[in-house]
């Protein structure tokens, strides 16, 4: 599902996407990383802020 959403974003001309997920949601974090996500920060030790560059 994320891969499809990223392809739609790319078709619309976006060059990156910023996402967030809770740190204890390991499945979401793994899915985002698998799709090129890079952790760029966190928010009050509860959430990751993750950037996915679209190539």
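Every read-out reported here was derived from the displayed coordinates using simple, explicitly stated rules and does not represent laboratory data. Here the structure is a predicted model, which is why all the values come from computation and not from measurement. Here Cβ is always computed from backbone atoms with ideal geometry, including for glycine, and neighbour counts include all displayed protein chains.
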Inside region 15-32, the number of residues satisfying the requirement of being surrounded by fewer than 15 Cβ atoms within 10 Å (Cβ to Cβ) and without any contact (Cβ under 8 Å) to a residue 12 or more places away in the chain is 5
Does residue 36 meet the test of being free of Cβ contacts under 8 Å to residues at least 40 places away in the same chain, at positive phi and surrounded by 10 or more Cβ atoms within 10 Å (Cβ to Cβ)?
yes
Among residues of region 40-52 being farther than 13 Å from residue 25 by Cβ and within 8 Å of the chain's Cα centre (by Cα), the residue surrounded by the most Cβ atoms within 10 Å (Cβ to Cβ) is 52
